[in-house]
Each structure stands twice: as structure tokens, then as C-alpha cells.
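Q: This is the structure, below, for whatever I ask next.
Any read-out appearing in this document is the output of simple, stated calculations on the displayed coordinates, not a laboratory observation. None of the values given here were measured: they were computed from a predicted structure. Counting neighbours? That spans all protein chains shown, and the Cβs are built from the backbone with ideal geometry, glycine included.
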Amino acid sequence: MSRVLIVGAGPAGMRAAETLARAGLVPIVVDEGARAGGQIYRRPPDGFIRPPKALYGAEAKKAAALHRMFEEMLRAGLITYHPQSSVLGFSGNTAQITGPEGMTAIGFDRLILATGAMDRLAPVPGWQHAGVYSLGAAQIALKAQGVALGRRIVLAGSGPLLTLVAHQLRKAGANVAAVLDTAPLSAQAVGGLRMAMARPLVTARGLAMRAGLGRLYHAGVRLDRIEAGDDGPCAMHWRDARNRSHVTPCDAVALGWHLQAETALTDLAGVAFDWSGTWAQWLPRADAEGRASGGVYLAGDGMGILGADGAEVAGRLAASACLADLGYAIPLRNRGRDMRRLARMRRFAGGVARAFPWPAEMIRNLPDSTVICRCEGITAGELGDTLPLAGAEANRVKSLGRIGMGRCQGRYCQRAGAELIAALAGIAPAQAGRLRAQPPVRPAPISLLCSETDNG
Amino acid sequence: MSAAGSPGRLRRLAETGREPLSFHFDGVRLHALAGDTVLTGVLLSAGHLRKAEFGPERRAGFCLMGACQDCWIWQEDGPRLRACSTPLREGMRLLSGSPHYWPDPRS
């Protein structure tokens, strides 16, 4: 029987596993979570009692259906599941994995990467302080732990998550001081129209949440700095769309500019990348079904930011493509429907990208003292100092200036770094290149790396 | 118990009916609930998890999903932990800085 390894147990990975299991394969699913669900449908630990409706809102039924499906497959022994486990890298068709059992190696014939997405971050002066988080973190804290990240929280950035997190936090009783969106209303109107044409219900739901935020919400803002003392943030300094200055007292800030695909393993698996102007990020190259090169298939937000519904569809499609390539006969009727649904998700996502753009201008105007690499405290000025020697190329700037060398491996600075390189060199961000991923893609103790066993 | 009036950075909004447990952070005994992560447990009572290695500021995690690696903290004995993805256990002894047997890169 062919060995198919699925990395990630969010909506894409779960649907991919289901599709393979239905064809009679026993897929191996490796996931970092303690329980399957991914970030969007993340489940709290045992002993938590809030019902799905409280955790996932309008998506509760979808979340519950996915969780139930996966648990049933597990009980029936249809999948091999490695929770709390991270793939660190590949050696040919073998994945190196750390988890509760230590280091293991798992061989595979085909690889389905459903690695999801994370917050796309832009630096704001002061963002290195304790108490500044990503928007996703604010949502995870609430969903998986039932806590708010502070007593008076400023949410800032742009994208659907900004409004959603604000809505969820307020509903749960948190004190949200301001919701600061860098996207101007003009862009939101153009993108929003495209969103509404592709998915009217989802768009209407978002608009209703936005309306519920009332005067807390501000569009077209510019973030100047996060004022912080020894205890973390004490105020957000910002300007409104009419350039009037505001200071909003707070003790926590959550930042995010929509999402970026998690692609480190995709890179290590040898998949090519293309610059996406729409998404202002590098995205892996794959066909419409998620078929990349060399027996690798991609599904979900790790391939492009289509959201949870798109991820379910993409997971089925990628697994079907994998099955077809392995010589299995797959029903074509569902494939046509799924392809149409995915096309609709793409139209919607294009509207989202237009409505909530990457704040390139804000980044290009950051003061030299702004920390760009949050891991190692490297500033915009220090990045600029490397350019005469490094040239305008992200990997060389990383080598000389350590932007992207820190413990997050460039996940949270590489987009801003490329923007600054481009601004200083007078080139487009795409021309600044893409940081190459390096294994291990997660930290692992040297003792563990030395103790590698081979059970593949 | 860590309630709404707790001195830490985080504020509990729900799920307060779980079993209590206790642990130590920098030698001080603190209380939390079973099911809390190390990050949640510490930050309900404290303002930070650790000092930054490369700057004067403190750190309290960032992404909470295992991507940023900002929240690794020490134990008095044993390996470092990623606080956002490690469940808190009864009796854990956690440290905001490196233990005595580990050289401090800043000194």
C-alpha cells in the first residue's frame, strides 16, 4: 500500500485524510496540535466546557463535523495519527519528526502539505515588548484557554481577522479599547464588493460584526508607535484617516495584517515559489488541484489564503489528485463541484486581498530605530547598514545583518525586511528575493537530533 | 486563585471550573487550573515569561501557535519549554532566566 504522509490536521489535512481513507489507504497524519482542528477549529484541552457555538460562532457546525469525522476515523483505525509532533525537515522521501516519542523518521511515497497560515506581521515601533501579540494569538488565547491577553486591548492591522477577533473578544467580556484598521475605506469598498459577489452571506456577516464594533473601529489609520514601559504597552499612538493624532491607553496590543502561508516545509520539499502581487508574499507553485512537483501536494492556507471552507475543498482535491496519480479511480462528479467551489473561494480571497492591503507605505516610512527582527532586536537602520555590502537580496542581508536568522526563522520579519530592502534599493519587493527555508523548521534539542531513530 | 483581579498580564474570561494546580515561577509558588498552558499559568500571575536576550525588554510570547519561538522558558531542572504549547503540570518549577548551571550570554 502506498504511504501518504499528511502534514497538518486543520480543515485541509483532515479532509485530505478522509479522502485517502475512503479510497482504502491508511494515511499518516502528523500535526503540532494536541487535538486535530488546526488553528481555525482549534479545540481547547480536556476539561473545558464551552460549547462549539461559543468557540466557533457561525462556523460551529462545520467545526463540530470535522472534529467528529476525524475522531471516527481515529477510532476505526483508518489513519495513523501523530499529534503534538513537528516535521523538522526531509531527507529524500523520509520526514524527520519530533514528538512525544522523541525523534522519529517516517518514510513516504507521497506528501500532502497542509501546513496552514499564520499572521502576516508588519513591524510597529515598540512591538518587541512583552504584551504585544499577533491577532491570531488573541484569538487562540480566547478559544483554547478562555483568557484575554490584557485588561485593555488595542487591536490593530487589517484583514477579516481584525474585526472577527474584536467581535469575539467583546462578546466574551474582554475590554477592547480600539480597533485600528490601516486599510482605507476606499480600498475596502472595492474589495468588499468583490467579496460580496463571491460570498454574499460571509461578507454580510463580517459587515454586521463590523457595525457592532461601532465607534471602536477606525479605518485608514496610520500606526505611529506602541508606547511601553517595563511592564509592557501603556498606549498606542496613531493617526486617523484625517491625520489627526490619537493616543489610546492600553496594556496589550494585538497586531496582524491578514495571513501569510506557512511554507518552510514546502520549500524544503523542493517546491518552486512565485511572487504573488495580490497577496504580497511568495506562494508555492501548484496546479489548481494542489499538485506541486515531485510527488508533493498542497492544500489549504499553506498554498494560498482561501480560508477554512476553501481548505476543506482543497484538502479533498489534493488527496484526489494524489490518488489519481497513484492509479486509483476517483469519482469525477465531486471534483467538478469542488473545482467550482474553490474558484469561488479564490474570487472571494482576491476581494479580501484588495480590501485589506499589506501596509507597504507604513513600513517604508518606519524610523531607523524600529525593531524589524523581533527575535534579535535588529533595527531598520541596522538592516540598511548591511545593504552596501550585502546588496539588495534578502538571503545576503540575512547573512550579514541577521534579519531572518533568529528563532522564528524569518517568519515574522521577512516580509517587512524585503519591503525595506526594496525601498532602500529602489526595486520591487519581489526583486529582493525570498528567504530560503532551513531545517530544522522548528527548534529541537541537539540531544534529540543526535538520538535519531529510524522506524520508517 | 487567578481571577479577574489577578496581578498578571492575562485575564480569565471563561472556563473557571477546572481543577486547581500549583507550580513555581522564579521560586514563587503560583496557582492555575488544569488545562492551562505554561504561558497562561505564568502570565495570569506575572507580567512576562522571560527577559529578551538581545534587548532590555521582557517577553511574554507573541504568536501562541508555536511559530515565533518567543515563549521558550527555563525549568530549574530539565529542558527548556515552549510555554504556549506545553500544558502546565502540578509542581513544575519554571524560571524566567537561565538556571545557575547555564552561562548567561549577557554577563
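Q: Just for the protein assembly as shown, what percent of DSSP beta bridges are antiparallel, to the closest 5?
A: 60 percent
Q: Now for a separate question. So how long is each side of the range A:78-196 along the principal axes, counting just the alpha-carbon atoms, biggest first, in Å?
A: Dimensions of the range A:78-196 along the principal axes of its Cα atoms: 50, 36, 34 Å.
Q: Between A:SER399 and A:ALA34, 0.36 nm times their residue separation minus their Cα-Cα distance comes to what?
A: Computed gain between A:SER399 and A:ALA34 is 127.9 nm.
Q: As a check on your grasp of the helix formula, calculate [θ] at 222 nm for the protein assembly as shown: sum -39500 (n - 2.57) over DSSP H runs of n ≥ 4, divide by the residue count, round to the nearest 500.
A: Helix contribution divided over all residues of the protein assembly as shown: -9500 deg cm²/dmol.
Q: If you take the charge dipole of the range A:238-306 about its Cα centre, with +1 on Lys and Arg Cβ and -1 on Asp and Glu Cβ, which of A:PHE273, A:THR248, A:GLY302 is farthest toward its positive end?
A: With unit charges placed on the Cβ atoms, the residue in question is A:THR248.
Q: Among bridges DSSP assigns within the range B:20-95, what percent are antiparallel (round to 5)?
A: 85 percent
Q: Which of the peptides A:301-308, A:404-411 is most tightly packed, and how do the rest follow, judged by the mean count of other Cβ atoms within 10 Å per residue? If you can, show how the numbers build up before the last one.
A: Numbers: A:301-308: 25.1, A:404-411: 22.4.
Sorting A:301-308, A:404-411 by mean packing, highest first, produces A:301-308, A:404-411.
Q: Just want the answer: with Cβ charges of +1 for Lys and Arg and -1 for Asp and Glu, which residue in A:PHE348, A:MET405, A:ALA235 is farthest toward the dipole's positive end in the protein assembly as shown?
A: Checking the options against the dipole of the protein assembly as shown, the answer is A:PHE348.
Q: Let me know the volume per residue of the alpha-carbon convex hull for the range A:324-432, in Å³.
A: Values: hull volume 16.7 nm³, N = 109.
Measuring per residue, one finds 153 Å³ for the Cα hull of the range A:324-432.
Q: Taking R0 as 30 Å, what's the FRET efficiency between B:TYR101 and A:ASP230 from their Cβ-Cβ distance, rounded to 0.05? Before the final figure, lay out each step's value.
A: Numbers: r = 28 Å, r/R0 = 0.93.
The computed FRET efficiency comes out at 0.60.
Q: List the aspartates and glutamates whose Cα sits under 14 Å from the Cα of B:LYS51, skipping any in the same chain fewer than 8 residues away.
A: Reachable aspartates and glutamates: A:ASP230, A:ASP231, A:GLU376, B:ASP26, B:ASP70, B:ASP104.
Q: Then there is this: Treat every Asp and Glu Cβ in the range A:137-277 as -1 and every Lys and Arg Cβ as +1, leave all other atoms uncharged, and give the resulting dipole magnitude about the Cα centre to the nearest 20 debye.
A: In total the dipole reaches around 760 debye.
Q: Also, quick follow-up: Could you name the lysines in cross-link range of A:LYS53, using Cα to Cα under 19 Å and dropping any fewer than eight places away on the same chain?
A: Partners within reach: A:LYS61, A:LYS62, A:LYS143, A:LYS171.
Q: Just to be sure I understand: of the beta bridges DSSP finds with both ends in the range A:121-257, what percent are antiparallel, rounded to 5?
A: Details: 12 of 28 bridges.
That works out to approximately 45 percent antiparallel.
Q: Let me ask you something else. For the range A:131-257, what's the relative contact order in percent, using C-alpha pairs closer than 8 Å and at least 6 residues apart?
A: Values: 241 pairs, mean separation 43.7, N = 127.
Relative contact order comes out at 34 percent.
Q: What shape does the protein assembly as shown take by its C-alpha gyration tensor, where a ≥ b ≥ c are the square roots of the eigenvalues and a/c under 1.5 counts as rounded, a/b above b/c as prolate, and the rest as oblate?
A: Because its axes are fairly even, with a/c under 1.5, the protein assembly as shown counts as rounded.
Q: Can you compute the charge dipole magnitude of chain A about its Cα centre, using +1 on each Lys and Arg Cβ and -1 on each Asp and Glu Cβ, nothing else charged? Give it in debye, rounded to the nearest 20. List each step's numbers first, then the result.
A: Values: 52 positive and 36 negative charges, 368 e Å.
So the magnitude is around 1760 debye.
Q: Shifting gears a bit: For the range A:361-432, with only Lys/Arg (+1) and Asp/Glu (-1) charged at the beta-carbon, what is the dipole magnitude about the Cα centre, in debye rounded to 20?
A: The calculation lands at about 320 debye.
Q: Taking amide hydrogens as modeled 1.01 Å from N in the peptide plane, which residues meet the under 5 Å criterion relative to B:THR37, leaving out close sequence neighbours?
A: Here the answer is B:LEU88, since their amide H atoms fall under 5 Å of that of B:THR37.
Q: In terms of the Cα gyration tensor, with a ≥ b ≥ c the square roots of its eigenvalues, is the range A:182-278 rounded because a/c is under 1.5, prolate because a/b exceeds b/c, or oblate? Write down the numbers at each step before the final one.
A: Values: a/c = 2.19, a/b = 1.22, b/c = 1.80.
Oblate, because a/c is 1.5 or more while a/b does not exceed b/c.
Q: Now, a different point. ³J(HN,Hα) across the range A:66-75 via Karplus (A = 6.51, B = -1.76, C = 1.60, θ = phi - 60°), whole Hz, x for Gly/Pro?
A: 5, 4, 5, 4, 5, 4, 5, 4, 4, 4
Q: Then there's this: Using the C-alpha atoms of the range A:121-257, what convex hull volume per residue, in cubic angstrom, is computed?
A: So the per-residue Cα hull volume is 101 Å³.
Q: In what sequence, highest mean first, do A:146-154, A:413-421, A:345-353 appear when ranked by Cβ atoms within 10 angstrom?
A: Taking the mean over residues of other Cβ atoms within 10 Å, the ranking is A:413-421, A:146-154, A:345-353.
Q: Any chance you could tell me what percent of the C-alpha pair distances in the range B:20-95 go past 17 Å?
A: Roughly 37 percent, once rounded to a whole number.
Q: Output ³J(HN,Hα) for the range A:419-431: one whole-Hz value per residue in order, computed from phi by the Karplus curve 6.51 cos²θ - 1.76 cosθ + 1.60 with θ = phi - 60°, and x for Gly and Pro.
A: Here the 3J(HN,Hα) series is 5, 6, 4, 4, 5, 6, 9, x, 10, 7, x, 4, 6 Hz.
Q: Can you give the relative contact order of chain A as a percent, counting alpha carbon pairs under 8 Å and 6+ residues apart?
A: Taking the mean separation of contacting Cα pairs over the length of chain A, I get 19 percent.
Q: Taking beta carbons within 10 Å but only from partner chains, what does the mean come to for residues A:132-139?
A: Per residue, the average neighbour count from other chains is 5.
Q: Which value in nm describes the separation of the simple spin-label points at A:CYS450 and A:ARG364, placed 7 Å from the Cα toward the beta carbon?
A: Result for the modelled spin labels: 5.0 nm.
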